[in-house]
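Notes for the one structure printed next.
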Amino acid sequence: MTIRFPKVHIDNKQLVYVSFSIEGKRIRLYNGKRINSSIDPNRHPIEQRYEMGKILASDVYKHLLNDGKLLEFRSKKVIAGKFTDIEYLKQALDTKLSGGYSKKYTDMLSYCYRLIHDEIQNSKVDSKAIKNVLSRYSSGVSYNTLKRHLKALINEARVQGMKSNPMEGIPSKKNKAKLHKPFDDVGAVLDEIKSFNKNLHLCSLLTYGCLLRPHREIRELCWGDISKGLNEIRLSGERNKSGRNRIVPIPSYIKPFLQKEDCGSVFQGFVDPPNPEYFKTLWGRYKAKSRLLIQGQTLYSFRHSGAIEIFKRTGSLHKLQRAMGHSSLNVSLTYLRGLEIAELKEEDMPMV
């Protein structure tokens with residue numbers, strides 16, 4: 001990039017600025033903020049401003065000759081210089097944070113950014129830095145979860161313009177499959193929860209009967225999401241994990257527990273949605289008192305139990321995929337592998 005020494009000008013309001021061109025684009029700077037310089041000629045008396053403008057012009061020239069970065073006014077578009085890898089990651093993080101994703105997801109991306117920022121000794125992000133960050137986690141689940149979020153952040157940074165791909169060649173860890181624990185007697189557990197807390201009972205019913213996810217999709221439900229006849233729940237793409245619009249029928253056994261009000265949350269005592277930890281806290285208190293729960297059963301076990309019921313009755317992966325709101329059949333297959341669903345029957349086994 002060729003640049004001439006900036007010229008100093010005075011406008012009709014006696015304000016001093018420097019001007020220069022980059023690839024035919026005319027740039028004006030009234031102060032040094034955009035090049036991280038503290039020089040501001042117009043904070044000085046009028047008779048001193050022109051001389052301070054010369055100093056600003058010198059700072060700007062040195063900055064650009066040293067490949068210093070210059071962004072468009074009130075924009076993140078680079079006019080001169082280039083972002084470092086860590087700056088691309090910060091820009092990627094800002095894009096994700098403003099993208100309407102769940103708090104849990106954005107918190108994890110922010111955590112990933114902090115880990116990388118603290119790890120690197122310069123502005124370059126390489127595979128060694130990524131491996132060092134991942135090496136802190138011995139658990140395969142934690143390792144793969146962190147790797148997945150790091151990859152999402154770095155992929156966005158590459159969209160923004162980062163050239164390298166530090167995730168390339170870093171494998172995932174193999175995990176031993178764990179069985180999720182569905183309920184043997186859903187009705188009995190629901191009755192026990194009903195006597196414990198009405199809101200937790202309604203959440204459990206909706207998780208089982210509508211196959212919605214409890215900690216966001218259900219927690220944020222308001223009467224505007226439910227049809228007038230209490231027949232359907234309608235969620236826009238920004239309200240569910242798949243990112244697509246979702247319409248699910250409401251089974252008849254749930255309707256009596258939906259006490260219709262004019263507006264606000266579907267849960268008693270709330271106008272706005274309960275806080276993100278509300279059902280997690282209720283479940284922990286219920287679990288401490290329950291006589292029916294076994295090791296490995298959670299609030300999500302109602303969703304697992306509902307999935308098993310649908311698959312056993314229909315035998316259709318396509319119906320299960322639609323009911324669960326999965327993005328593909330592969331997701332549904334992976335989901336089923338973690339449940340206690342036998343893939344072989346007795347008659348399939350070798351005979352003597």
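The values are calculated or read from the model by the stated rules, or taken from the named source; none is laboratory data. Every value quoted in this text rests on a predicted model; they were computed, and no experiment measured them. Glycine also receives a Cβ, built like all others from the backbone with ideal geometry; neighbour counts cover every protein chain displayed.
Of everything in region 115-131, what is assigned to a loop (DSSP other than H, G, I, E, B) and either among the basic types (Lys, Arg) or in contact with a strand residue (DSSP E or B) (Cβ under 7 Å, 6 or more places away or on another chain) (or both)? Give them in sequence order.
Residue satisfying the conditions is Lys124 alone.
Within region 228-251, identify whether any single residue is at pLDDT 90 or above and of a type in the set (Gly, Ala, Ser), and answer yes or no.
no
Among the residues of region 28-69, which ones are of a type in the set (A, V, I, L, M) and either in contact with a helix residue (DSSP H, G or I) (Cβ under 9 Å, 6 or more places away or on another chain) or farther than 20 Å from Phe83 by Cα (or both)?
Here is the first cut: in region 28-69, the residues of a type in the set (A, V, I, L, M) are 29, 35, 39, 46, 52, 55-57, 60, 64-65.
Once the filter is applied, which keeps residues that are of a type in the set (A, V, I, L, M) and either in contact with a helix residue (DSSP H, G or I) (Cβ under 9 Å, 6 or more places away or on another chain) or farther than 20 Å from Phe83 by Cα (or both), region 28-69 yields Leu29, Ile35, Ile39, Ile46, Met52, Ile55, Leu56, Ala57, Val60, Leu64.
With Val141, Val189, Val159 as the choices, which residue is closer than 30 Å to Ser305 by Cβ and surrounded by fewer than 13 Cβ atoms within 10 Å (Cβ to Cβ)? Spell out how you get there, then give the answer.
Working: Val189 fails: surrounded by fewer than 13 Cβ atoms within 10 Å (Cβ to Cβ); Val159 fails: closer than 30 Å to Ser305 by Cβ.
Every option except Val141 fails the conditions.
Between a first residue in region 263-281 that is under 17 Å from Thr207 (Cα atoms) and in the same structural domain as Arg213 (by TED's automatic domain parsing) and a second residue that is surrounded by 11 or more Cβ atoms within 10 Å (Cβ to Cβ) and among the aliphatic types (A, V, I, L, M), which pairs have beta carbons less than 6 Å apart while being 6 or more apart in sequence or on different chains?
Val266/Leu221
Within 19 Å of the chain's Cα centre (by Cα) and not in a loop (DSSP other than H, G, I, E, B): does that describe Tyr101? Even if it seems obvious, please write down each step before you answer.
On the way: within 19 Å of the chain's Cα centre (by Cα): yes; not in a loop (DSSP other than H, G, I, E, B): no.
Spelling it out, it is not the case that Tyr101 is within 19 Å of the chain's Cα centre (by Cα) and not in a loop (DSSP other than H, G, I, E, B).
Here is a list: Ser142, Ser138. Which entry is modelled with pLDDT under 90 and part of a helix (DSSP H, G or I)? So that I can check it myself, show each step before the final result.
Values: Ser138 fails: part of a helix (DSSP H, G or I).
Checking each option against the conditions leaves just Ser142.
Each row is one residue, and each column tells you yes or no for (1) surrounded by 14 or more Cβ atoms within 10 Å (Cβ to Cβ); (2) of a type in the set (Asp, Glu); (3) modelled with pLDDT of 75 or more.
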residue: Arg291; (1), (2), (3): no, no, yes
residue: Gln295; (1), (2), (3): no, no, yes
residue: Thr298; (1), (2), (3): yes, no, yes
residue: Lys312; (1), (2), (3): no, no, yes
residue: Leu317; (1), (2), (3): yes, no, yes
residue: Gln321; (1), (2), (3): yes, no, yes
residue: Leu336; (1), (2), (3): yes, no, no
residue: Glu346; (1), (2), (3): no, yes, no
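Out of Lys181, Lys198, I need the residue that is buried (at least 17 other Cβ atoms within 10 Å of the Cβ) and charged (D, E, K, R). Which one? If you could, list the steps in order and put the result at the bottom.
Working: Lys198 fails: buried (at least 17 other Cβ atoms within 10 Å of the Cβ).
Answer to the selection: Lys181.
Do the conditions hold for Ile39, that is, is it farther than 30 Å from His215 by Cα, surrounded by 11 or more Cβ atoms within 10 Å (Cβ to Cβ) and either under 41 Å from the mean Cα position of the chain (by Cα) or free of Cβ contacts under 8 Å to residues at least 24 places away in the same chain (or both)? Before the answer, list the steps.
Working: farther than 30 Å from His215 by Cα: yes; surrounded by 11 or more Cβ atoms within 10 Å (Cβ to Cβ): yes; either under 41 Å from the mean Cα position of the chain (by Cα) or free of Cβ contacts under 8 Å to residues at least 24 places away in the same chain (or both): yes.
Answer is yes for this residue.
State which residue is farthest from Arg322 (Cα to Cα) when the search covers only region 254-273 and only residues that are surrounded by 15 or more Cβ atoms within 10 Å (Cβ to Cβ) and under 28 Å from the mean Cα position of the chain (by Cα).
Phe270
Identify, from the list Pro251, Pro276, the residue that is closer than 28 Å to His326 by Cβ, surrounded by 12 or more Cβ atoms within 10 Å (Cβ to Cβ) and touching a Gly at 6+ places or on another chain (Cβ under 9 Å).
Details: Pro276 fails: touching a Gly at 6+ places or on another chain (Cβ under 9 Å).
Answer to the check: Pro251.
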